[in-house]
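Trainee: This is the structure I have questions about; it appears just below.
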Amino acid sequence: MAEASGGDTAARRHHAAAALEDVVVLDLSHALAGPFASTMLGDYGAEIIKIEPIDGEISRHWGPPFYGGEAAYFVNLNRNKKSVAIDLKHADGRAIFLRLAEQADVVLENLRVGAVAKLGIEYARLHERQPRIVYCSVSGFGQDGPYRDRAALDLVVQAESGMISVTGEAGGRGVRAGVSIADITAGMYAAFGILAALHARARSGRGQFIDVSMLEGQLGILSGMIGAYLADGIVPGPLGTAYGALLPYQTFRTKTREMAVGIGSDKLWRAFCPLIEQPELADDPRFVSNAARNANRPALIAALETTFLAKTYEQWEAILMPAGIPIGAINTLDQVVRHPQVQARGALVESTHPVAGAVRMVGPPVRLSETPGSVRLPAPLLGQHTAEVLRDRLGMSDGEIARLEQRRVIKVG
């Protein structure tokens, strides 16, 4: 990591230096998994240099909605990044990238397996030139194995990993999770792997290669269900909003709106039953323990469904919440952005984009007391920082940059 510039320790603390401000990332990734990882790093101060094809990365065109010609998807995902547009298939473009990599800490990519080798920018080549480089490759199924060459999008990995098989209503077809959870999980694991490798490099002085598989990311978050299957041999299926290991733990309809209720222990169950005016359930042999409740799930759920329909959500909240029973309402996203807790925490922040104008978005979710994350830069326009980065990092003259653009090696925004 490069030395941070300027100021003594006290002055830097006063200005709340970002945790990763001395980390430089060359981000070759596109779509969601890789960009999610680089956004996590960028939110906490890393300099993210987004290397794009000269016609832009694919998610610039994903929509609607659009802000003018800018996809809301791209604008929300790619904050805190600089866009450098380079044709990596051109020898001069590849040479520019290799020179930038000599000054970088991290390279992140999620191209098809083998694509970076064809371009001549794979880990082995960069490691020869820059042994300290941390190189993270995100792919659908990993860098080896019989599925390594398969094309993979989030939906495909949710299907192959078993995630779809356990998502949906009981007795129905499996469904895709409401968000691109295979992409997002891979992005989180990639960011974690990068930080772990940087920490190891601080001791060893050497970088390393990181292989992140979307498939294994899903196995990671399915580990509890996979562990249960390996223990009892029972293949789990979808349970709607319910949970196989705890009961009751699902949503119920009330007179006004649906309510999520979670009873995490037998002690809480005994406190819960009198509150819902069913004290006899606490000592009923069918329901006295979590295991018993699980064995008699249909009977218990039927009784609770009838009970909860007798009052409004607001009435149940007034009864259950003061007693420490975990409950919550099912909110739609328009309700979420106005939610009092979301507002009190300042979870939504505003950024000014050169085309979209003022854009509200979810801010960095992890709160660090001394080195907080922030949205410092809006998502870049295509090639917006090409000239700046080539001048500042490689010492190129305006004439050199103009000639490269004229030959379509680069695009200057």
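The values are calculated or read from the model by the stated rules, or taken from the named source; none is laboratory data. Predicted model only: the values in this text are computed from it and were never measured. We place every Cβ from the backbone using ideal geometry, glycine too, and count neighbours over all the protein chains shown. To get the accessible areas, we keep the full protein, side chains included, count just its heavy atoms, and leave off ligands, DNA and RNA. Shrake-Rupley method; radii C 1.70, N 1.55, O 1.52, S 1.80 Å.
Trainee: Please give the charge dipole size of segment 138-205, origin at the Cα centre, charges +1 on K and R Cβ atoms and -1 on D and E Cβ atoms. Round to the nearest 20 debye. Let's see the in-between values first.
Mentor: On the way: 6 positive and 6 negative charges, 47 e Å.
Charge dipole of segment 138-205: 220 debye, to the nearest 20.
Trainee: Kindly report, to the nearest 10 Å², the accessible surface of residue 266 as traced by a 1.4 Å probe over protein heavy atoms only.
Mentor: 50
Trainee: With θ set to phi - 60° and the Karplus curve 6.51 cos²θ - 1.76 cosθ + 1.60, what are the ³J(HN,Hα) couplings of segment 46-63 in order, to the nearest whole Hz, using x for Gly and Pro?
Mentor: 4, 7, 9, 9, 7, 8, 10, x, 5, 9, x, 7, 4, 6, 4, 10, 7, x
Trainee: Once the dipole of the chain is set up with Lys and Arg at +1 and Asp and Glu at -1 on Cβ about the Cα centre, which of 319, 238, 40 lies farthest towards its positive end?
Mentor: The Cα lying farthest towards the positive end belongs to 40.
Trainee: Where is the GNM fluctuation largest for the chain (alpha-carbon springs, 10 angstrom cutoff): 132, 286, 148?
Mentor: Looking only at 132, 286, 148, the biggest GNM fluctuation is shown by 286.
Trainee: Separate question: Considering lysine pairs in the chain that are 8 or more places apart or on different chains, how many have Cα atoms under 24 Å apart?
Mentor: 12
Trainee: Please state, rounded to one decimal and in Å, the Kirkwood hydrodynamic radius that the chain gives when every pair of distinct Cα atoms enters the mean of 1/r.
Mentor: Numbers: mean 1/r = 0.0410 Å⁻¹.
Over the chain, the inverse of the mean reciprocal pair distance is 24.4 Å.
Trainee: Another question, if that's okay. Give me the number: length gained by fully extending residue 55 to residue 291, i.e. 0.36 nm times residue separation minus the C-alpha to C-alpha distance, one decimal in nm. Present the calculation step by step, with values, prior to reporting the outcome.
Mentor: On the way: separation 236, 0.36 × 236 = 84.96 nm, distance 5.79 nm.
Taking residue 55 through residue 291 to full extension adds about 79.2 nm, to one decimal.
Trainee: Shifting gears a bit: Could you work out the relative contact order of the chain, using alpha carbon pairs under 8 angstrom and six or more residues apart, expressed as a whole percent? Intermediate results must be reported in sequence, preceding the final value.
Mentor: Details: 713 pairs, mean separation 81.1, N = 413.
Normalised by residue count, the contact order of the chain is 20 percent.
Trainee: Moving on. How large is the convex hull of the Cα atoms of segment 236-275 per residue, expressed in Å³ as a whole number?
Mentor: Details: hull volume 2.5 nm³, N = 40.
Per-residue hull volume (Cα only) is 64 Å³.
Trainee: Please work out the average accessible area per residue across segment 184-290, using the 1.4 Å probe convention, and give it in Å². Before the final figure, lay out the partial values.
Mentor: Details: 5690 Å² over 107 residues.
Accessible surface, normalised per residue, equals 53 Å².
Trainee: Then there is this: Do any GluC sites (Glu not before Pro) in segment 354-413 lie in a loop, going by DSSP, with at most 13 other beta-carbon atoms within 10 Å of their beta carbon, and if so which?
Mentor: Numbers: sites: 370, 388, 400, 405; in loops: 370.
Taking segment 354-413 and a limit of 13 other Cβ atoms within 10 Å, the loop GluC sites (Glu not before Pro) found are 370.
Trainee: Of the candidates 37, 101, 190, which one comes out as most mobile in a Gaussian network treatment of the chain with C-alpha springs shorter than 10 Å?
Mentor: Looking only at 37, 101, 190, the largest GNM fluctuation is found for 101.
Trainee: Taking 22 Å as R0, compute the FRET efficiency from the Cβ-Cβ separation of residue 89 and residue 155 and round it to 0.05.
Mentor: Values: r = 29 Å, r/R0 = 1.31.
Taking R0 as 22 Å, the efficiency between residue 89 and residue 155 is 0.15.
Trainee: At a Förster distance of 35 Å, what's the computed FRET efficiency of residue 256 paired with residue 282, Cβ-Cβ distance as r, to 0.05? Can you show the working numbers first?
Mentor: On the way: r = 27 Å, r/R0 = 0.76.
Efficiency for this residue pair is about 0.85.
Trainee: Within the chain, what whole-number % of the accessible surface is contributed by carbon and sulfur, with the 1.4 Å probe and all protein chains included in the calculation? Don't skip to the answer; put the middle values down first.
Mentor: Working: 11660 of 20890 Å².
After summing per-atom areas, the C and S share lands at 56 percent.
Trainee: What is the extension gain from residue 204 to residue 400, computed as 0.36 nm multiplied by their sequence separation minus the C-alpha to C-alpha distance, in nm to one decimal? It would help to have the intermediate numbers written out before the result.
Mentor: Working: separation 196, 0.36 × 196 = 70.56 nm, distance 3.80 nm.
Difference between extended and current length: 66.8 nm.
Trainee: Also, quick follow-up: Running a GNM on the chain with Cα contacts under 10 Å, which residue among 119, 275, 219 ends up with the highest mean-square fluctuation?
Mentor: Among 119, 275, 219, the largest GNM mean-square fluctuation belongs to 275.
Trainee: Before rounding to the nearest 500, sum -39500 (n - 2.57) across all DSSP H runs of length at least 4 in the chain and divide by the residue total; then give [θ] at 222 nm in deg cm²/dmol. Can you show the working numbers first?
Mentor: Numbers: 19 runs with 164 residues, N = 413.
Calculated at 222 nm, the ellipticity per residue is -11000 deg cm²/dmol.
Trainee: Hey, what did segment 62-173 get for relative contact order, percent, Cα under 8 Å, at least 6 apart? All intermediate terms of the calculation are to be shown ahead of the outcome.
Mentor: On the way: 82 pairs, mean separation 19.5, N = 112.
Relative CO of segment 62-173 lands at 17 percent.
Trainee: Just in segment 179-245: which trypsin sites (Lys or Arg not before Pro) are loop by DSSP and have at most 16 other Cβ atoms within 10 Å?
Mentor: Numbers: sites: 201, 203, 206; in loops: 206.
Answer in residue order: 206.
Trainee: For Cα pairs less than 8 Å apart in space and 6+ apart in sequence, what is the mean separation divided by the residue count of segment 225-325, i.e. the relative contact order in percent?
Mentor: Details: 104 pairs, mean separation 27.6, N = 101.
Result for segment 225-325 is 27 percent.
Trainee: So, for segment 80-138, what is the accessible surface per residue at a probe of 1.4 Å, expressed in square angstrom?
Mentor: Values: 2230 Å² over 59 residues.
The answer is 38 Å² per residue.
Trainee: Let a ≥ b ≥ c be the square roots of the eigenvalues of the Cα gyration tensor of segment 336-394; is it rounded (a/c under 1.5), or, if not, prolate (a/b larger than b/c) or oblate? List each step's numbers first, then the result.
Mentor: On the way: a/c = 4.79, a/b = 1.79, b/c = 2.67.
In terms of gyration-tensor shape, oblate.
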